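The numbers here are math on the coordinates, done by the rules we state, and not lab data. For clarity, every value in this text was computed on a predicted model and none was experimentally measured. Please note: Cβ atoms are built from the backbone with ideal geometry, for glycine as well, and neighbour counts cover all protein chains shown.
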Amino acid sequence: MVLIPGLCKGLSPNCHLAWPAKACQNSAMTSEASTFRFHHPSRLRRSVLTVPAINDRALDKVAGLDCDAVIFDLEDSVAEDRKVDARHKLLEFLQNADLGHRECIIRINASDTPHFREDMRLVLQCLPDAVLLPKVEEPVTVQDVADLIGEQDAAEGLRIWAMIETPRGVLNAAAIASSGRTSDSRLDAFVVGLNDLRKATGIPAAPGRTYLVPYLMQVVLAARAYGLDVIDSVSNDFRDMEAFSDECAQGRAMGFDGKMLIHPAQIEPANRLFGPSDAAIAEARLLAAAFSDPAHAGLNVINIDGRMIERLHAEEAARLLAKVALISARKDKP
Ligand code: COA
Ligand code: MG
């Protein structure tokens, strides 16, 4: 049992609530996976499906869907007067659900809303893999939540994801990402939110996202500078699969690890287009084999068919192959 001081709304600030031990923790991590450049082992975050916590039918579908991660949303997809109901539904759901390989993330309401404390209570009770903070604009927002979590002994594995979805969030992305360097930081990933960003900037939705690309790239660069994963924004049109596939391919080319999804129909294309292609796998195997060839021992640069290959390429290949191993391990499990 875990003691949580000061989080009991309506009671003495010194009261302590007893919570059950962790209910849901990340099963997607592998200890043997490569950790270079990133804070964490290779993980699959190709398809990150968001599910309104208020929607029973959608919740019931989750355990049968082939997504890498699920964001249970308490924020924008839940009407103001249904927040309490949504928390109750989510608690009941997570207490009984088996999410298998899927990472479990809860998106809460921002700290300046009346829902934040109760949302955090729920997070600390359910202990998902991560809590997703909306509209992050300053490093202190992440740090405050990390401090709050750090006060709870049982929350060791609980990570923080941050939504970058406002002009100030984009401008401060590097500072926010750099807060992930401290030893007590739990920051693991950025998620871009283009609906809010479009609203704030006045940039209309358009194929190719031409005028948003500079902002997107700024967020990707900030994440990479500090070893975070970075997830591309949702696409609202879930019937136009051709446009969605184009956007996935674009996001992959920009360096995103995966995409936030709103509908089950988007899972398969996201898994395919953010996953390693057959050609990339073959190339990675070739590089890994070349560098493990005793003839190349001690060399940092080798020639493969007229191309200069450096050891850093072999490291990239190892990361890709770790993801391939995760994907194939998935195929044997529900
Ligand atoms: N997760 C799980 N299941 C979902 C789902 C989701 N995100 N979106 C739809 N489904 C289910 C539906 O429940 C439906 O199953 P059912 O017939 O058994 O109820 C099935 O997939 C087909 O859905 P469809 O009829 O095509 O769409 P819909 O009208 O039920 O839902 C949305 C459309 C947009 C309302 C819904 O997809 C949704 O709420 N998405 C998430 C929105 C969100 O989280 N926004 C906040 C972050 S941007
Ligand atoms: Mg938003």
Can you tell me which of Ser292, Ser111, Ser77 moves the most in a GNM of the chain? Springs connect C-alpha atoms under 10 Å apart. Ser292
Pairwise FRET efficiency - Asp98 versus Asp153, Cβ, R0 = 30 Å, nearest 0.05: 0.75
Which residue fluctuates most in the GNM of the chain (Cα springs below 10 Å): Ile281, Ile54, Ile267? Ile281
If you line up the long axis of helix 213-225 against the longest principal axis of the chain, both from Cα atoms, how many degrees apart are they, to the nearest 10? 90
Which one of Leu148, Leu158, Ile281 is farthest out on the positive end of the charge dipole of the chain, using unit charges on Cβ (Lys, Arg +1; Asp, Glu -1) and the Cα centre as origin? Ile281
Taking the Cα centre of each part, how many Å lie between region 53-98 and region 304-319? 43
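Which value, in Å³ per residue, describes the convex hull spanned by the Cα atoms of the chain?
Numbers: hull volume 50.3 nm³, N = 334.
Residue-normalised Cα hull volume stands at 151 Å³.
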Rounded to the nearest 10, the angle in degrees between the Cα long axis of helix 278-292 and the longest principal axis of the Cα atoms of the chain comes to 70
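If I stretch the segment between Tyr211 and Arg311 completely, what's the gain in nm (0.36 nm per residue apart, minus their alpha carbon distance), one decimal?
Details: separation 100, 0.36 × 100 = 36.00 nm, distance 3.61 nm.
Additional length available on full extension: 32.4 nm.
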³J(HN,Hα), Karplus 6.51/-1.76/1.60, whole Hz, each residue of region 47-52, x for Gly, Pro: 10, 10, 7, 9, 10, x
One point scatterer per Cα, no solvent, Debye formula: log10 I(q)/I(0) for region 133-189 at q = 0.15, 0.30 Å⁻¹ comes out as -0.38, -1.26
Could you tell me whether region 69-204 comes out rounded, prolate or oblate from its Cα gyration tensor? Rule is a ≥ b ≥ c as square roots of the eigenvalues, rounded for a/c under 1.5, then prolate if a/b exceeds b/c, otherwise oblate. oblate
Between region 217-275 and region 168-190, how far is it from one alpha carbon centroid to the other, in angstrom? 20
So which residue, out of Arg311, Arg319, Arg43, gets the largest mean-square fluctuation from a GNM of the chain using Cα contacts under 10 Å as springs? Arg311
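Kindly identify region 176-334 as rounded, prolate or oblate by the Cα gyration tensor criterion: order the square roots of the eigenvalues as a ≥ b ≥ c, call it rounded if a/c is under 1.5, otherwise compare a/b with b/c, prolate if a/b is larger, else oblate.
Values: a/c = 1.98, a/b = 1.60, b/c = 1.24.
Prolate, since a/c reaches 1.5 and a/b exceeds b/c.
Give me the dipole magnitude in Debye, nearest 20, for region 88-243 about the Cα centre, with unit charges on the beta carbon: positive for Lys and Arg, negative for Asp and Glu. Present the calculation step by step, with values, prior to reporting the outcome.
Numbers: 15 positive and 23 negative charges, 95 e Å.
Roughly 460 debye for region 88-243.
Rounded to the nearest 20 debye, what is the charge dipole size of the chain about its Cα centre when +1 sits on each Lys and Arg Cβ and -1 on each Asp and Glu Cβ? Don't skip to the answer; put the middle values down first.
Values: 37 positive and 46 negative charges, 38 e Å.
The dipole of the chain has a size of about 180 debye.
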Any idea which of Ala329, His296, Tyr226 is furthest toward the positive side of the dipole for region 197-334, if Lys and Arg beta-carbons carry +1 and Asp and Glu beta-carbons -1? Tyr226
Can you list residues whose amide H is under 5 Å from Val191's amide H, if they're 5+ apart or on another chain and H is modeled 1.01 Å from N? Ala162, Met163, Ile164, Ile231
CD proxy at 222 nm, helix term only [per DSSP H run n ≥ 4: -39500 (n - 2.57); per residue of the chain; nearest 500]: -12000 deg cm²/dmol
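Looking at the square roots a ≥ b ≥ c of the eigenvalues of the Cα gyration tensor of region 241-299, which shape do they give, rounded for a/c under 1.5, prolate if a/b is larger than b/c, or oblate? The partial results should precede the final answer.
On the way: a/c = 3.84, a/b = 3.31, b/c = 1.16.
Prolate is the answer for region 241-299, as a/c is 1.5 or above and a/b outweighs b/c.
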Taking the reciprocal of mean 1/r across every pair of different Cα atoms in region 274-314, the Kirkwood radius in Å is 10.8
For the peptides 219-231, 82-94, what is the packing order when you average, over each peptide's residues, the other Cβ atoms within 10 Å and list the highest mean first? 219-231, 82-94
